[in-house]
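Undergrad: Just dropping this structure here.
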Amino acid sequence: MSKTIANLTLPLVSLEIENVLDTYHYHPYRQAFAIPELREQLIAYVLNCVPACYAMIEEHSDLEADPTLVPRPLRDRLRLMVREGIERLVEKNADWVSHHIPPEITSGSAPSSWFG
């Protein structure tokens, strides 16, 4: 089988965004970054903040998304940049996000249909 040079950064950025967003509240963070435009902005932000990482892998291998191929300091930097990017993009696009994501309704403030 032949080998190829693979850019490990983009698949790892996507994986790390998912992992980090899983630690955030659904509203507004996960909802906001489910919107493709904001997700692309976050990916671009992170890619501009970290160096690219390449590896020789077997062609048609699934190793491109293997985080263990990327040095630990780069993975830590990636995680930090994802968190920073999330905060900056939500802050920068606060008005846009508030218009595209309905406010979260808590059960205490929602009208009850209990009394008819």
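Undergrad: Could you please find all residues in the range 47-73 being charged (D, E, K, R) and surrounded by 10 or more Cβ atoms within 10 Å (Cβ to Cβ)?
TA: GLU58, GLU64, ASP66
Undergrad: Could you list, in sequence order, all residues of the range 50-73 that are at pLDDT below 75 and more than 9 Å from THR9 (Cα to Cα)?
TA: Selection gives ASP62, LEU63, ASP66, PRO67.
Undergrad: Can you name the residue in the range 1-26 that is surrounded by fewer than 19 Cβ atoms within 10 Å (Cβ to Cβ) and of a type in the set (A, V, I, L, M, F, W, C) and is also farthest from GLU91 (Cα to Cα) among such residues?
TA: Filtering first and then ranking leaves MET1.
Undergrad: Just name the residue that is modelled with the highest pLDDT out of those in the range 27-46 that are surrounded by fewer than 16 Cβ atoms within 10 Å (Cβ to Cβ) and either more than 13 Å from the chain's Cα centre (by Cα) or within 15 Å of LEU80 (Cα to Cα) (or both).
TA: Among them, the one singled out is ALA44.
The values are calculated or read from the model by the stated rules, or taken from the named source; none is laboratory data. Please read these numbers as outputs of a predicted model, since none were measured by experiment. With ideal geometry, Cβ positions are generated from the backbone for all residues, glycine too; neighbour counts draw on all protein chains shown.
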